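The values are calculated or read from the model by the stated rules, or taken from the named source; none is laboratory data. The structure displayed is predicted, hence computed values, not measured ones. Every residue, glycine among them, receives a Cβ derived from its backbone with ideal geometry; neighbour counts consider all protein chains shown. We work out accessible area using only protein heavy atoms, side chains counted, and drop any ligands, DNA or RNA first. Shrake-Rupley method; radii C 1.70, N 1.55, O 1.52, S 1.80 Å.
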Protein chains: 4
Amino acid sequence: MVIVMKLSASSEEIAAVNEELKCCGLEGHLIQGVNRFVIGAVGERRDLVAQRLEVLPGVEKVVPIMRPFKLVSREAQEAPTLVRVGDAVIGGRDIVLAAGPCAVESKEQIYEAAVRVKQAGAKILRGGAYKPRTSPYSFQGLEEEGLKALAAAGEATGLATVTEVVDLPSLDVAKAYVDMLQIGARNMQNFRLLQAAGRSGKPILLKRGLSATIEEWLMAAEYIMSEGNNQIVLCERGIRTFETATRNTLDLSAVPVVKEMSHLPLLVDPSHATGVARWVGPMARAGIAAGADGLLIEVHPEPAKALSDGPQSLTPTAFSRLAEEMKKVAESVGRSL
Amino acid sequence: MVIVMKLSASSEEIAAVNEELKCCGLEGHLIQGVNRFVIGAVGERRDLVAQRLEVLPGVEKVVPIMRPFKLVSREAQEAPTLVRVGDAVIGGRDIVLAAGPCAVESKEQIYEAAVRVKQAGAKILRGGAYKPRTSPYSFQGLEEEGLKALAAAGEATGLATVTEVVDLPSLDVAKAYVDMLQIGARNMQNFRLLQAAGRSGKPILLKRGLSATIEEWLMAAEYIMSEGNNQIVLCERGIRTFETATRNTLDLSAVPVVKEMSHLPLLVDPSHATGVARWVGPMARAGIAAGADGLLIEVHPEPAKALSDGPQSLTPTAFSRLAEEMKKVAESVGRSL
Amino acid sequence: MVIVMKLSASSEEIAAVNEELKCCGLEGHLIQGVNRFVIGAVGERRDLVAQRLEVLPGVEKVVPIMRPFKLVSREAQEAPTLVRVGDAVIGGRDIVLAAGPCAVESKEQIYEAAVRVKQAGAKILRGGAYKPRTSPYSFQGLEEEGLKALAAAGEATGLATVTEVVDLPSLDVAKAYVDMLQIGARNMQNFRLLQAAGRSGKPILLKRGLSATIEEWLMAAEYIMSEGNNQIVLCERGIRTFETATRNTLDLSAVPVVKEMSHLPLLVDPSHATGVARWVGPMARAGIAAGADGLLIEVHPEPAKALSDGPQSLTPTAFSRLAEEMKKVAESVGRSL
Amino acid sequence: MVIVMKLSASSEEIAAVNEELKCCGLEGHLIQGVNRFVIGAVGERRDLVAQRLEVLPGVEKVVPIMRPFKLVSREAQEAPTLVRVGDAVIGGRDIVLAAGPCAVESKEQIYEAAVRVKQAGAKILRGGAYKPRTSPYSFQGLEEEGLKALAAAGEATGLATVTEVVDLPSLDVAKAYVDMLQIGARNMQNFRLLQAAGRSGKPILLKRGLSATIEEWLMAAEYIMSEGNNQIVLCERGIRTFETATRNTLDLSAVPVVKEMSHLPLLVDPSHATGVARWVGPMARAGIAAGADGLLIEVHPEPAKALSDGPQSLTPTAFSRLAEEMKKVAESVGRSL
């Protein structure tokens, strides 16, 4: 980091900064600028030290130089991480489609969805049993009963399964039923849940928070990985901005940025990002063209009957058509599906 | 809500919308516009119905008219809710100061902080024992040991106490030690935690999420209140915007807006909002002038030694000075301190 | 629009709203809701009327239902508008590449750029002569001398040319030299300039403002079109959000949304959006996959010597490679290049 | 600035960076970090050099350390700048109220407004003659006729006058009639207009752009000041965020931040920020408490008849009451009105 001293900083104040650096095991390099001193500090990035320096008299500001994450960074591991979920491998040449309804609503509904998305080429079946809903009066999910139906549909079709967990109890229950656990956008900085996910022994699908920077998102992955679990798939699902034409703003630039910063694979979720079924196709194509390793797409046998997120759900037929289109786009960027 | 039909909508499509409304217990009023039909639907706001209608053929969009919250709304209760925490009453004529360190670091530190903020006029002592930190490598709090120290400091000084809880286990432990439970910004949509807070029997301090609209924030309060707990204090602590000069952007307009929409009292936290100790004073004054019922302020006996958020912490001396200023501002807007 | 009355609204207040509507040539439909009245008003959208109603006693809020733009809307014209710039046609099956340096720096530089982007398949040469720069101390452009060099390079290579205009005088000068005029992001709501562009007789490239909603952007196009000029190409170039990893956040969802709302063609500018040359390729591919009609890309013969925006400029070699990739992506979505 | 080299940077690449720095008149200080080199560059901040370095092989990123503005910075001038507009002095102990209608609509309307705001204590009369409107179909202002009416009302009441200018022609006309020229939010980065304002010989009221950082806003002021005009008053009027309950989000933290960074005085405009008359009072009080030097407030004799921005306009009576409240708040923070 770099410590910028005030114009008026005295030599005693500069010495005090150097002293503090030494106490913390860092080394300070004094640089005399045109009209003030700056100090370059060498050592591991530690935010606490930066905070302490910032409070010292004579210090104008402290500028961090290095990124805060370690294990998840591309510098820590050059080769891409491959995440195995059932038969699917995420992060290789193959584009992986994960699809299914927002919420498991019944045995029949999830089974029907499973059969149809499998036919279309999906490898992973999604379905929510614990739904974080903005309103306490909305449908909150079938919980364990939903997990059972999801697992049964996965088994019957040979699809791997993924479901969202929202707290420690739901995580404990879910891991007995599904192949992959999802941490949703609203829980991206639920650090207890991240740590539990790190100890779960399951692959984790980590959605980006609505207002999370890419750096914070990777730090959330760092929480999981620091518990010994490197089977992490990131999922870009739109961020919150001033634009209201779409439900969220899908930040596809995050795809090349994450790929450069980290070795972890990445999916794109065009359903939550746009909130509108007819815009899912274009953004799915764009996500693959940008370099994503797969897609997470909401598909419901009857969107008009959905208990949650109907307007953004594709019909199975629309999903089949989308999967066909995806094949061509994937090939155009040197991938397969 | 209003259902806007497409230019090309057929009379069958219009009839189908009316049919669906009737099924859901709503009544449709057909209005023929200049060049299209719109349907005004009368009945309780139910988002699921809106979603289903949106999927019907011929429907262009569905525009909700009513606000989604019920119990927390000013229309449900005209009189302001008063929240009692120890000797303090939040929501009345008196401005309430809650102050203390970001994290409890030791018995001595929290006791020292308690004595000093009490002298300055604070009624509530804050101190974190479970810290949600962006990095897994940062100090995560003293947990139960910290709660004990906080409770002891509160008892010794006669201050009420408030601490953040981050999951169900920490909530269970904390409620035995403190007078008020805080739900932090990152957990504002941790709905399981909100429901548990609603059943805790304790007053709740509910911080606004970094990217939560006022409506979503009030819906989070609705989660708590729908479990039977109306002792809720909202806390504006800054939202995430493009501006980086301050840690967050303190949205003081939320004060009059919330006061109009809801009967719940509201604090302002200028420490997390600005992230810089020397800007806490001006924003604290502004918060009171805008109509807040109190302030939540970070005070640390030695900010340069703080294990968390030192740069935004006031010294006890600075806090005393601030409290003096507050008195005058409070009087200027017809309040007292 | 819908006028929502307060719970407490009297019948006199409702009558006054109806009276005001009648005065303004609108028709009011009274709807009795569960616990309040709402009035559906039929007639052309006029924001002034809405504002006046909002001030009347008893009115809680006024909710506009229809979109404010007319001429640019897809409802006004179903068929896509084709914009002709030199030999290029934007908005048809062919993807159009517009490329060149951020700023014209010398005759040699722009000529060299022109030759190279032409070889790679570009149809339009871009080059700035009037540069809106954040700092008054930065290079501000060669002005008319730059336009001459741009025109000469265009003529020598057979490329059409586009340049940014920043005020009425620069527009007047530029229109004698170039084939298309660009209105930049910072001037998207410089309404005088938009009107002058509408009367210029030239095709206009209208960039989206940094914080403009899609609706405001289309209203800016409406300003141009209401002066009789329908040769407008929109250009998505990234919006301002909290994310700082990229220079702006490229909002690719705007591509399908604009295509649905309007008949105007649309380019994507991945250079300004990302600010980093190595992320331009992925976002260019994504833009085409999302359905854009072309790309606007910064190419500089020697990025390290550029007087402006070097870090986001491609070398001619990198641009050739990108154009090859684009061909495949374009074909995968049924377009050609 | 600090140049961070890649992990893999060779010594030749490091040497090339040093060479480039030397060419640009800067001095490089090599610092060997834990696992990479960083180079501290000493010399004046020049963004072009930073951009060039960023393109060099082996360079990971360039981090600017110093702020880009010069003349407007508090370091360039410790004492606050006082701006004189008619009898009013902005930036001293006295809080200055500027008030009047959004748009001049008639001689009678502006005269009536002038008389009433003068009685209430305003020193400056505002009124728009050139209105930048989102829709081409909205009222665009009375232009020179409006300026005449504004000037006459100012003269009759002894109030100083301020009006918005939107391009060079309107600036030329307006400066003959009014005491102060306003650059609106949408033109904050209309650099030609800023330069013309700098040469106008008039005090300038510079509103913050909807998505402008504080740094960019001060750079806009730098444009004006670099033309020799230091009579600049900044005006915070809300930024664009995801929150839609208010028209914009009033960023009151900008008040102490600007006061620390710059010597220029600052007003707050609670009318445009909130968009709702009943929230103007609380935010006006908060603005003064935060340390603003005055307020810009929309007052219309009959808000329900206003041709623009009626819902956010105060009646003269409400403004008088507000001015009374302001006196008390001003005194509570050591100011007068």
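What the table below lists for this structure:
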{"quantity": "Normalised alpha carbon radius of gyration of the stretch D:111-220 [divisor 2.2 N^0.38 Å]", "calculated": "1.08"}
{"quantity": "Gaussian network model of chain D, Cα within-10 Å springs - most flexible of D:Cys23, D:Cys235, D:Cys102", "calculated": "D:Cys23"}
{"quantity": "Where Cα atoms sit under 21 Å apart: lysine pairs in the stretch A:83-332 separated by 8 or more or lying on different chains", "calculated": "25"}
{"quantity": "Label geometry 7 Å along the beta-carbon vector: C:Pro80 inter-copy distances in nm", "calculated": "3.1, 5.8, 5.9"}
{"quantity": "Of all chain A residues, the one whose C-beta is nearest the axis that brings A onto B, in angstrom", "calculated": "A:Ser211, 2"}
{"quantity": "Between the stretch A:232-302 and the stretch C:267-301, the alpha-carbon center distance in angstrom", "calculated": "18 Å"}
{"quantity": "Mean ellipticity per residue at 222 nm, deg cm²/dmol - from DSSP H runs of n ≥ 4 across chain C, formula -39500 (n - 2.57)", "calculated": "-11000 deg cm²/dmol"}
{"quantity": "Rounded if a/c under 1.5, otherwise prolate or oblate - the protein assembly as shown, Cα gyration tensor axes", "calculated": "rounded"}
{"quantity": "Vicinal HN-Hα couplings computed from phi for the stretch C:228-239 (Karplus, 6.51 cos²θ - 1.76 cosθ + 1.60; Hz; Gly/Pro x)", "calculated": "x, 10, 9, 8, 10, 10, 7, 9, 7, 9, x, 10"}
{"quantity": "Inter-copy separations for D:Lys305, label at 7 Å along Cα-Cβ, nm, ascending", "calculated": "6.0, 6.7, 6.9"}
{"quantity": "Charged-residue dipole, Cβ positions (Lys, Arg, Asp, Glu), the stretch C:2-63 about Cα centre, Debye nearest 20", "calculated": "140 debye"}
{"quantity": "Rounded if a/c under 1.5, otherwise prolate or oblate - the stretch A:193-242, Cα gyration tensor axes", "calculated": "prolate"}
{"quantity": "Accessible area (Å², 1.4 Å probe, nearest 10) - C:Tyr111", "calculated": "110 Å²"}
{"quantity": "Per-pair calculated FRET efficiency, R0 = 45 Å: B:Lys107 and D:Arg278 via Cβ, rounded to 0.05", "calculated": "0.40"}
{"quantity": "Selection from A:Val63, A:Val96, A:Val17 lying farthest towards where the dipole of chain A points positive, charges on Cβ", "calculated": "A:Val96"}
{"quantity": "Projected label distance in nm at D:Cys24 and C:Lys22, using a 7 Å step from Cα toward the beta-carbon", "calculated": "7.1 nm"}
{"quantity": "Point-to-point label distance, A:Lys305-A:Arg321, nm (Cα→Cβ direction, 7 Å offset)", "calculated": "2.2 nm"}
{"quantity": "Rounded accessible area of C:Ile214 (nearest 10 Å², 1.4 Å probe)", "calculated": "0 Å²"}
{"quantity": "Listed residues A:Val178, A:Val115, A:Val257, most fluctuating in chain A (Gaussian network, C-alpha, under 10 Å)", "calculated": "A:Val257"}
{"quantity": "Cβ neighbours within 10 Å from other chains - mean over B:222-232", "calculated": "1"}
{"quantity": "Karplus 3J(HN,Hα) series, Hz, for the stretch A:305-315 with 6.51 cos²θ - 1.76 cosθ + 1.60 (x for Gly, Pro)", "calculated": "10, 5, 7, 6, 6, x, x, 9, 8, 7, 6"}
{"quantity": "Against the rule of thumb 2.2 N^0.38 Å, how large the Cα Rg of chain B comes out", "calculated": "1.15"}
{"quantity": "Heavy atoms of C:Arg84: accessible area, 1.4 Å probe, square angstrom to 10", "calculated": "140 Å²"}
{"quantity": "³J(HN,Hα), Karplus 6.51/-1.76/1.60, whole Hz, each residue of the stretch B:194-210, x for Gly, Pro", "calculated": "4, 5, 5, 4, x, 9, 6, x, 10, x, 10, 9, 10, 7, 6, x, 4"}
{"quantity": "Residue of C:Pro169, C:Pro265, C:Pro256 that the Gaussian network model of chain C assigns the largest fluctuation, springs spanning Cα pairs under 10 Å", "calculated": "C:Pro169"}
{"quantity": "The protein assembly as shown - share of DSSP beta bridges that are antiparallel (%, nearest 5)", "calculated": "40 percent"}
{"quantity": "Per-residue mean of C-beta atoms belonging to partner chains within 10 Å, peptide B:234-241", "calculated": "4"}
{"quantity": "Per-selection metrics, the stretch C:36-190 (Cα): Rg and Dmax in Å", "calculated": "22.3, 71"}
{"quantity": "Inter-site label distance for D:Leu48 and B:Glu143 at 7 Å from Cα along Cβ, in nm", "calculated": "5.9 nm"}
{"quantity": "Amide proton proximity set for C:Thr161, modelled H, under 5 Å, gap of 5+", "calculated": "C:Leu125, C:Asp179, C:Met180"}
{"quantity": "Within the stretch A:129-178, trypsin sites (Lys or Arg not before Pro) in DSSP loop having at most 13 other beta-carbon neighbours inside 10 Å", "calculated": "none"}
{"quantity": "Other-copy label distances relative to C:Thr317, 7 angstrom Cα-Cβ extension, nm", "calculated": "5.2, 6.3, 7.7"}
{"quantity": "Residue-averaged beta-carbon neighbours from other chains (10 angstrom radius) around B:138-145", "calculated": "1"}
